[in-house]
Structures are given as C-alpha cells and as structure tokens.
Amino acid sequence: MDFTSMLSDDQIAILGCFGALAACGLVAAISFHFGPAGKKSEIETGKPIRIKVGRKPTETIEERRAA
C-alpha cells in the first residue's frame, strides 16, 4: 500500500515530525541510561539524621511570677 497516495504532503510532513521527535526522545533516554547521570552514586550514605520538631518547653507559672 502506498501511503503517499492516501495522505497529503502536509500529513506526511506531520508524521515525519512526530517520528523525528520520537527518535530524539529515544536517543535521549538511551543516553541518560548509559551516561553518568543515570548511574547510581558509589558513595555510601550513612544513617539519616533525625531532627526533633516541636516546641521548646515553656516556662511554668512559678517561673514567670518570679521574674
């Protein structure tokens, strides 16, 4: 089947553009996968730091009256 007889020139150009975008995306994905950005870091991570979140203890009523 000949696609040039079924599609107009504009439709063939649009399909070519979509094909080119797909090919560029595929090349970028392969490049990222095999490149340095896609590799895991070789540096070992330590224990996570735990940070206590909350309010500091407030003064008691007796401490406030003494001031």
Query raised in the report: How do S5, S31 rank when sorted from fewest to most other Cβ atoms within 10 Å of their own Cβ?
Result: S5, S31
Query raised in the report: Any idea how far apart V27 and S5 come out in nm if each label point goes 7 Å out from Cα toward Cβ?
Result: 3.4 nm
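Just so you know, all these numbers are worked out from the coordinates, no wet-lab data involved. Values in this document were obtained by computation on a predicted structure and should not be read as measured data. Using ideal geometry, Cβ is built from the backbone for each residue, glycine included, and neighbour counts are taken over all protein chains shown.
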